[in-house]
Amino acid sequence: MNMEQVLIRKAAERSAVLGVVGLGYVGLPLAVEFATAGYRVLGFDVKQGVVDTINAGRSHIQDVPSERLAKFVKDRRIEATSDLKRLGEVDLVSICVPTPLSKTKDPDVSFVLASADAVGRTIRAGQVVVLESTTYPGTTRELLMPRIEAGGLKVGVDVFLAFSPERVDPGNPTWQTHNTPKVFGGVTEACNRVVRAIYSPAFERLVPVSSPEAAELVKLLENTFRSVNIGLVNEMAIVCDKLGVDVWEVIDAAASKPFGFMKFTPGPGLGGHCIPIDPHYLAWKMRGLNYKTRFIEVAGEVNSEMPIFWVRKVADRLNDSGKAVRGSKVLVIGVAYKKDIDDIRESPALDVLRLLHQQGAVVSYHDPYIAKVDEDGEQLQSVPLTEDLVRSSDCVVIVTDHSELDYGMIRGAAPCVVDTRNALRAHA
Ligand SMILES: NC(=O)c1ccc[n+]([C@@H]2O[C@H](COP(=O)([O-])OP(=O)(O)OC[C@H]3O[C@@H](n4cnc5c(N)ncnc54)[C@H](O)[C@@H]3O)[C@@H](O)[C@H]2O)c1
């Protein structure tokens with residue numbers, strides 16, 4: 001039996017042990033899906049606190065209920081470790097580490113490189129490596145493959161390598177890891193066959209493509225598509241504001257067209273670990289090939305200026321009632337980057353807080369999911385959302401439209417509201 005056949009048999013028997021490197025928003029749900037499919041999972045993380053929490057059966061990720069995780073930990077189907085030397089024990093390594101941007105908005109692939117080095121030190125014949133972190137096209141072949149083949153093993157024969165973009169949408173109750181179609185692209189056809197065999201028990205639908213580069217670009221197209229369309233409606237919000245037209249009315253009416261229109265909504269700007277970041281990976285790659293990705297640049301510009309637009313709205317509304325921003329009490333509602341989640345990474349609310357603060361407003365915030373925020377060394381704590389607080393604020397800015405908030409109370413009590421999400425009308 002060759003290595004491909006061995007792995008396909010292990011997948012069919014569920015005797016393959018699957019490794020997940022990076023147990024965060026992406027890695028932990030993936031580990032749980034692998035365990036649900038009947039595999040034993042060994043999870044790796046450099047943070048000992050994360051490892052200890054998981055081994056105690058507690059989940060630090062909102063989308064993974066602790067009861068579900070605890071059962072797998074108790075049955076020894078999921079174990080976590082910070083000992084990357086144990087990578088040699090697993091049959092498949094799924095790499096789910098962060099891919100942020102540097103200060104100059106260039107890709108920071110240091111986490112991917114650290115994982116690739118760790119895999120390179122322990123690789124043995126009969127292992128599969130799948131990169132899941134969002135990255136620029138070429139990463140799998142240029143950064144992982146040389147490290148995997150350095151000791152003489154051949155990808156496609158002795159070991160198998162693919163890219164498979166993680167598409168998890170935190171907080172989405174309908175589309176989760178197991179029922180979101182899983183795209184993957186291997187270096188060779190044998191790589192695709194092996195990944196298909198191992199992944200098919202864990203995912204409802206698999207979508208193979210012909211190369212890692214195609215799979216890498218799928219993810220970048222998806223997130224660039226969102227960034228550009230959000231940029232377009234954000235610009236439409238500015239246009240409508242200048243024309244004195246209600247942008248929400250225009251969008252809702254446009255969305256009645258049953259074909260050729262897809263609804264996107266304006267807001268305070270982009271947040272999270274994906275949409276504000278991923279398109280810049282592609283832009284960076286293309287700059288190296290002397291091509292400027294214009295849509296990405298323009299959308300990035302419009303989206304990153306939205307907090308300025310909304311803070312100007314606050315100033316205008318205060319001005320209407322004869323007040324200056326300086327010294328006014330401004331209550332920001334919601335600081336997570338989107339509703340009903342506890343993630344504040346890249347949240348535009350941080351810019352809104354900072355800009356208001358810089359202009360001398362007395363700023364407080366409420367967010368049921370985020371207890372405290374550290375912005376420019378300033379610590380703010382979430383305050384309880386009482387009617388008194390809302391009534392005594394000079395202006396309330398709704399930045400994140402969490403479902404559980406009492407919008408009726410806000411509408412009734414606030415002297416002035418700037419609603420970046422149209423939440424008051426949506427909850428009327
Ligand atoms: N969060 C999302 O909604 C989302 C959705 C789709 C894709 N992605 C992509 O998935 C990847 C992971 O994102 P995330 O949100 O899960 O990040 P995260 O920060 O929640 O989790 C990453 C984990 O990796 C660990 N880690 C870092 N370096 C490591 C190393 N060398 N070895 C082992 N563990 C290491 C960290 O300690 C952390 O626990 C990124 O590329 C991201 O763009 C994220």
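When the charge dipole of the chain is built from unit charges on Cβ atoms (+1 for Lys and Arg, -1 for Asp and Glu) and taken about the Cα centre, the candidate among Val352, Phe44, Gln127 whose Cα reaches farthest toward its positive end is Gln127. Distances between placed amide hydrogens fall under 5 Å for Val183 paired with Val207, all partners being 5 or more residues away or on another chain.
Computed from the C-beta positions of Arg14 and Asn172 and an R0 of 25 Å, the FRET efficiency is 0.35 to the nearest 0.05. If one computes the Cα centroid of the stretch 249-284 and of the stretch 176-210, what distance in Å separates the two points? Rounded to whole Å, the Cα centres lie 27 Å apart. Spin-label pair Thr386-Ala56: with each label point 7 Å from Cα along the Cα-Cβ axis, the two points sit 3.3 nm from one another.
Counting only residues at least eight positions apart within a chain, or on another chain, the lysines with an alpha carbon under 27 Å from that of Lys263 are Lys182, Lys219, Lys242, Lys313, Lys338, Lys339.
Of the beta bridges in the stretch 268-403, as assigned by DSSP with both residues counted there, near 30 percent are antiparallel. Loop-located chymotrypsin sites (Phe, Trp or Tyr not before Pro) in the stretch 291-371 (DSSP state not H, G, I, E or B) with no more than 14 neighbouring Cβ atoms inside 10 Å: Tyr291. Within the accessible surface of the stretch 244-395, defined with a 1.4 Å probe on protein heavy atoms only, the carbon and sulfur portion equals 52 percent. With a cut-off of 11 Å between beta carbons, the residues surrounding Gly231 carry a summed charge of -3, where Lys and Arg count +1 and Asp and Glu -1. Each Cα pair under 8 Å and six or more residues apart adds its sequence gap; the mean of these over the residue count of the chain is a relative contact order of 11 percent.
Quick one: work out the % antiparallel among DSSP beta bridges in the chain, nearest 5. Restricted to the chain, the bridges split so that about 15 percent are antiparallel.
Accessible area per residue for the chain, computed on protein heavy atoms with a 1.4 Å probe, is 45 Å².
The values are calculated or read from the model by the stated rules, or taken from the named source; none is laboratory data. Being a predicted model, the structure only gives us computed values, none of them experimental. Positions of Cβ are backbone-derived with ideal geometry, glycine not excepted, and every protein chain shown enters the neighbour counts. These area figures cover heavy atoms from the full protein model, side chains too; ligands, DNA and RNA do not enter into them. Shrake-Rupley method; radii C 1.70, N 1.55, O 1.52, S 1.80 Å.
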